[in-house]
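Notes follow once the structure below has been shown.
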Amino acid sequence: MTRGQAGIVRFLLICAAWAVGQTLTWGLALDRIGVVIPAALAIGVLVLTADLGRPRASGGDLKYWRGRRVDDEARRDRWN
């Protein structure tokens, strides 16, 4: 999954969490505090999906990281 696709999936999941929260608070007569439940659910989904679309270090040979080639043997004296 690319970073762009992961961003779209995260956005859709956050919107779905907000909609579920709004549905849960729909029947309750909550004035100003009614936005807290959907916001909490959306923030929870945002935190849970934070690493979606990032490469995993486990398994496989990592050749590129953040668009740059990883050189293990060459130029170890460089900081960036």
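Bear in mind these aren't lab numbers, they're just calculated from the coordinates by the rules spelled out. These numbers were taken from a predicted model, which means no experiment stands behind them. All Cβ positions, even for glycine, are placed from backbone atoms using ideal geometry, and neighbour counts span all protein chains on display.
So, by mean Cβ neighbours within 10 angstrom, what's the order for 37-49, 20-32 with the highest one leading? Can you show the working numbers first?
Values: 37-49: 14.9, 20-32: 11.1.
The most tightly packed comes first, giving 37-49, 20-32.
Give me the extension gain from LEU48 to LEU13: residue separation times 0.36 nm, minus the current Cα-Cα distance, reported in nm with one decimal.
On the way: separation 35, 0.36 × 35 = 12.60 nm, distance 1.04 nm.
The span from LEU48 to LEU13 would gain 11.6 nm if fully extended.
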